[in-house]
Amino acid sequence: MKQLLPMGYSPIEKIQEDLFDEHKLHVSVLREDKNHPLIQGNKLRKLTYNLLNSKKKGNKTLLTFGGAYSNHIAAVAAAGKEFGFHTIGIVRGEEKLPLNPTLSLCTQNGMELHYEDRTTYKLKNTQDYKEHLRNKFGSFYLIPEGGTNYYAINGCMEIIERYDEYDYICCPIGTGGTVAGITISNQGKSKILGFSSLKGGEFLTQEIRSQIHSVVNDEELTDEVLHSFELVTDFHFGGYAKITEDLLNFVRKFYSSHQIKWDLLYNGKMAYGVYEMIKQGFFPEHSRILLVHTGGIQGIAGIEERNNIRIYED
Ligand SMILES: *Cc1c(COP(=O)(O)O)cnc(C)c1O
């Protein structure tokens, strides 16, 4: 298998804004969106040890699940092409042609797509359904929807491990696997703020607790690790995949000032939330704040298509 590295080191860029000066804050972005030319972002971190595990087990096929615009499905397809796995994507809902930008990228990368209606799709984690898949496709290495499992969390533990200490590390949340990995490797040094991209994401702290537990395997230690984590639920903008004019204006302005594109589903919402919290005086003066850019750039084209807009001019 080709080297998964270099992916360990992503640049950190300091951001200048009058707002930060007024509040005497240092704000930087960890460019995980640049960690690999093809797969990029947290999805690469989540896949790394799964790919190694699949290879070790002699599995040449990866099978996974996702919605039609899923960054995870796109990453599995790209990783399959790059590292020599056959890939199968089980997509929620009916086939729509022409394929949207995400799924067309998947097929270009050799992924075999299968569609399941929403009722069947809900059964994806049951033994019966997995049995059905094995009968249909033969042997494969299964990666869950969104990519979060034990191996994924271990991969995400490498995101911040080589960097200086920050007072706050901010990260968007979908399933929570990424922020769980970051929180474990942080070892209590920074406050970790996780921004839910879901409406009603209050359950996520419990979810992240059990993900941390799956790695550290001890109740007391789990609570100790979880202590540095704080869930922020105010910036979902109406729910997962919902966007507003305000959010659009924010990411456009940020791009024109700093030449960094945020995806709209996760990072744009987190960054917007951080700016709001700064205005509200959440962060003490002289805090050093790190925003983890988790990638998701492939999803921008899909959002543009669905909403019939251009987000960035280039
Ligand atoms: C999937 C994804 C997330 C969410 O990661 P989880 O580990 O599921 O919490 C965040 N940002 C981007 C860009 C993603 O694609």
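The values are calculated or read from the model by the stated rules, or taken from the named source; none is laboratory data. Small disclaimer: the values here were computed from a predicted structure and weren't measured. For neighbour counting, all protein chains shown are included, and Cβ atoms are generated from backbone atoms with ideal geometry for every residue, glycine included. Just the protein is used for accessible areas: all its heavy atoms, side chains included, with ligands, DNA and RNA removed. Shrake-Rupley method; radii C 1.70, N 1.55, O 1.52, S 1.80 Å.
The residue of segment 255-276 that is nearest to residue 201 (Cα to Cα), among those that are open to solvent by 10 Å² or more (accessible area, probe 1.4 Å) and away from the ligand (no atom under 13 Å from the Cβ), is 272. For segment 169-180, residues that are in contact (Cβ under 8 Å) with a residue 40 or more places away in the chain and near the ligand (Cβ under 8 Å from one of its atoms) total 7.
Given the criterion more than 19 Å from residue 275 (Cβ to Cβ) and modelled with pLDDT under 95, identify the matching residue among 201, 181, 188.
Within the list 201, 181, 188, the selection yields 188.
Would you check if there is a residue in segment 137-148 being open to solvent by less than 30 Å² (accessible area, probe 1.4 Å), assigned by TED's automatic domain parsing to the domain that holds residue 48 and in a strand (DSSP E or B)? Scanning segment 137-148, I find at least one residue that is open to solvent by less than 30 Å² (accessible area, probe 1.4 Å), assigned by TED's automatic domain parsing to the domain that holds residue 48 and in a strand (DSSP E or B), so the answer is yes.
Consider residue 51 carefully, then state whether it is outside any helix (DSSP H, G or I), in contact with a helix residue (DSSP H, G or I) (Cβ under 9 Å, 6 or more places away or on another chain), open to solvent by less than 40 Å² (accessible area, probe 1.4 Å) and farther than 22 Å from residue 301 by Cα. So residue 51 fails the test. Considering only segment 3-20, I want to know if a residue exists there that is within 28 Å of residue 242 (Cβ to Cβ), open to solvent by less than 30 Å² (accessible area, probe 1.4 Å), within 16 Å of the ligand (Cβ to nearest atom) and in contact (Cβ under 8 Å) with a residue 12 or more places away in the chain. The answer is no; no qualifying residue exists.
I'd like to know if segment 105-123 contains one or more residues that are outside the structural domain of residue 284 (by TED's automatic domain parsing), within 16 Å of the ligand (Cβ to nearest atom) and either outside any strand (DSSP E or B) or at pLDDT 95 or above (or both). Yes - at least one qualifying residue is present in segment 105-123.
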